[in-house]
1. For segment 311-351, which positions are open to solvent by 20 Å² or more (accessible area, probe 1.4 Å) and more than 30 Å from R201 (Cβ to Cβ)?
2. Is it fair to say T182 is in contact with a helix residue (DSSP H, G or I) (Cβ under 6 Å, 6 or more places away or on another chain), away from the ligand (no atom under 16 Å from the Cβ), β-branched (V, I, T) and without any contact (Cβ under 8 Å) to a residue 12 or more places away in the chain?
3. Can you tell me which residues in segment 222-245 are aliphatic (A, V, I, L, M) and either within 23 Å of the chain's Cα centre (by Cα) or open to solvent by 20 Å² or more (accessible area, probe 1.4 Å) (or both)?
4. Taking segment 378-391 as the region of interest, how many residues are touching a Leu at 6+ places or on another chain (Cβ under 6 Å) and either exposed (fewer than 12 other Cβ atoms within 10 Å of the Cβ) or not hydrophobic (A, V, I, L, M, F, W, C) (or both)?
5. Answer yes or no: is there a residue in segment 211-221 that is within 16 Å of the ligand (Cβ to nearest atom), open to solvent by less than 20 Å² (accessible area, probe 1.4 Å), touching an Asp or Glu at 6+ places or on another chain (Cβ under 8 Å) and outside any loop (DSSP other than H, G, I, E, B).
6. With the condition kept exactly as written, say whether any residue in segment 246-256 is farther than 30 Å from S283 by Cβ and open to solvent by less than 20 Å² (accessible area, probe 1.4 Å).
7. Residue under question is L354, and the condition is that it be within 16 Å of the ligand (Cβ to nearest atom), at pLDDT 95 or above and either open to solvent by 50 Å² or more (accessible area, probe 1.4 Å) or more than 18 Å from L194 (Cα to Cα) (or both); does it hold?
8. Hey, does segment 180-201 have a residue that's β-branched (V, I, T), at pLDDT below 95 and within 23 Å of the chain's Cα centre (by Cα)?
Amino acid sequence: MTETSQFMRPEQHPFLGDENPFKAMMSRFDYAAELLHLDAGLYKVLRSPEKQIIVSVPILLDSGEVEVYTGYRVLYNTSRGPGKGGIRFDLGVTLDEVRALAAWMTWKCAVVNIPFGGAKGGVVCDPLTMSVGELERLTRRYTSSIIEVLGPDSDVPAPDVNTNERVMAWIMDTYSMHHRHTVTSVVTGKPVELGGSLGRREATGRGCMIVTQQALQHLGMPLKGARVVVQGFGNVGSIAAELLQQEGCVIVGASDVSGGLYSKKGLDVKDVIAWRKEHKYVSGYPKADAVTNEELLTLDCDVLLPAALENVITARNAASIKAKVIIEGANGPTAAGADEILDKKGIFVVPDILANAGGVTVSYFEWVQDRGGWFWTEAVVNERLTEIMVNSFQNVLAVSKKYNVNMRIAAYTLAIDRVASVHRLRGLYA
Ligand code: GLU
């Protein structure tokens, strides 16, 4: 990257090492934009989020008091199709984070070549301290506050951190009540009884498993016996761990917010899932050694699968990572400042916008099924998911060889090229 480049003005990006997710996204975007010789106009357009909504969400708490929460929905780019992306409920939600996540959704949908743009939403709250009734009121009021952008042809939410099928059912119902008829395709990740797709819940974890297979095959490493550490044991991490174990991998480490577990001979993933279900957290699990979350990331292993939140691999700990392969199940788990360190160590990183794209891919299948009113078997869903994940991995690998760049920059390059070409074909409406 040249210092004088129009794409990477040092005063705009003085941060390599910065952990602001939007800046982290932008620095990789800039790199790819320069590789593509993106023209200056399109560069400006693709750097700018299309629409950003901030809402106050007042709800009645069980105590009788009123509390006001802040909610966001960002539509980053909808040139390839409706906005697509999850809604998260978390205390750490910020506009910058939601904006970065919406941009990542844009590139992610383009990497797997599904006809969606990118969007994301979030509400600043601590769902673990809220009752089911409070969560339902929060979800419905947030939905009605952003209802003008939602719709099967305009913006289609899905689950993300701390939201699930039940939350999606409330969104679908709120939207449908306003429109006076049932609209299942306004949201994905719904319960199967309400038009959800078989295989959607497992899809992100399954996609991670498929790209792990691809990565190890590419590197000439055997899948059977590969030692895997999974950071985060929610919907993505626990399912990826289970599926990888079924494929013969040894899950030597796992963690959630409460702490980490290590077992040299391998954890029984089903047993850890059952323990967590009963005790809420993995810590205290008796058949493994306890490790801290920081220690877990630097355990000796073949594959590290971060599957929780942003910025767990940073310039501070990247040099100590021993894994040979990183599969980014989470969005943005690697800060921009860590990329170069991982590259120098020869670690093969399958980036988030490819590794965790299985979820949105099956969301697309769900949307297609809802609109067609014709539902597929789980075997068909998984077969089509496998085909898309394998092709996408191979496409990104081909770009990485063509430009001699790592898989992250290759994935951005492929995605930005696809989004840019749609902009060129559509032209600028003025
Ligand atoms: N929240 C998931 C993601 O970050 C799924 C998004 C979707 O299915 O729309 O990819």
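1. A315, R316, A319, S320, K322, D339, E340, I341, D343, K344, K345, G346
2. yes
3. L223, V228, V229, V230, V236, I239, A240, A241, L243, L244
4. 1
5. no
6. So far as segment 246-256 goes, no, none of its residues is farther than 30 Å from S283 by Cβ and open to solvent by less than 20 Å² (accessible area, probe 1.4 Å).
7. Against the criterion (within 16 Å of the ligand (Cβ to nearest atom), at pLDDT 95 or above and either open to solvent by 50 Å² or more (accessible area, probe 1.4 Å) or more than 18 Å from L194 (Cα to Cα) (or both)), L354 qualifies.
8. Just the residues of segment 180-201 that are β-branched (V, I, T), to begin with: 182-184, 186-188, 192.
Still in the running and at pLDDT below 95: none.
No, that holds for no residue.
The values are calculated or read from the model by the stated rules, or taken from the named source; none is laboratory data. Just so it is clear, the structure is predicted and the values come from calculations on it, not from any experiment. Here Cβ is always computed from backbone atoms with ideal geometry, including for glycine, and neighbour counts include all displayed protein chains. Accessible surface areas use protein heavy atoms only, side chains included; no ligands, DNA or RNA. Shrake-Rupley method; radii C 1.70, N 1.55, O 1.52, S 1.80 Å.
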